[in-house]
Amino acid sequence: MNRDVMLALVPDEHGVLHVAAADVSNMLRTLGAGWLRAVREESSNADEETVAALTIELAKLADQIDVECIAHTTKKDEEGS
């Protein structure tokens, strides 16, 4: 069974461009982790507390995407049974 959920992110004139939801949530988590690493290694002059808060919000968004995809997949599985 294919568990890859695709999100329509950027429509084009020929249809819809799809990106795997797992790739989007991974990107959000990686972005936040990179920000924190840069601040902690003093490669950035950004405020660590602000960066941490933004990283938490990105992780929450990634979690929400994951939960929505699980719900979507579960619903499709139940409908197919």
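The values are calculated or read from the model by the stated rules, or taken from the named source; none is laboratory data. Since we're looking at a predicted model, the values are computed, not measured. Ideal geometry is used to build each Cβ from the backbone, glycine not excepted, and the neighbour counts take in all protein chains shown.
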Taking GLU79 as the residue in question, decide whether it is at positive phi, out of contact with any Leu (no Cβ under 6 Å at 6 or more places or on another chain) and loosely packed, with under 11 Cβ neighbours inside 10 Å. no
Pairs where the first residue, in region 57-81, is modelled with pLDDT under 80 and assigned to a helix (DSSP H, G or I) and the second is surrounded by 11 or more Cβ atoms within 10 Å (Cβ to Cβ) and among the hydrophobic types (A, V, I, L, M, F, W, C), C-beta under 8 Å, 6+ apart: HIS72/VAL5; THR73/VAL5
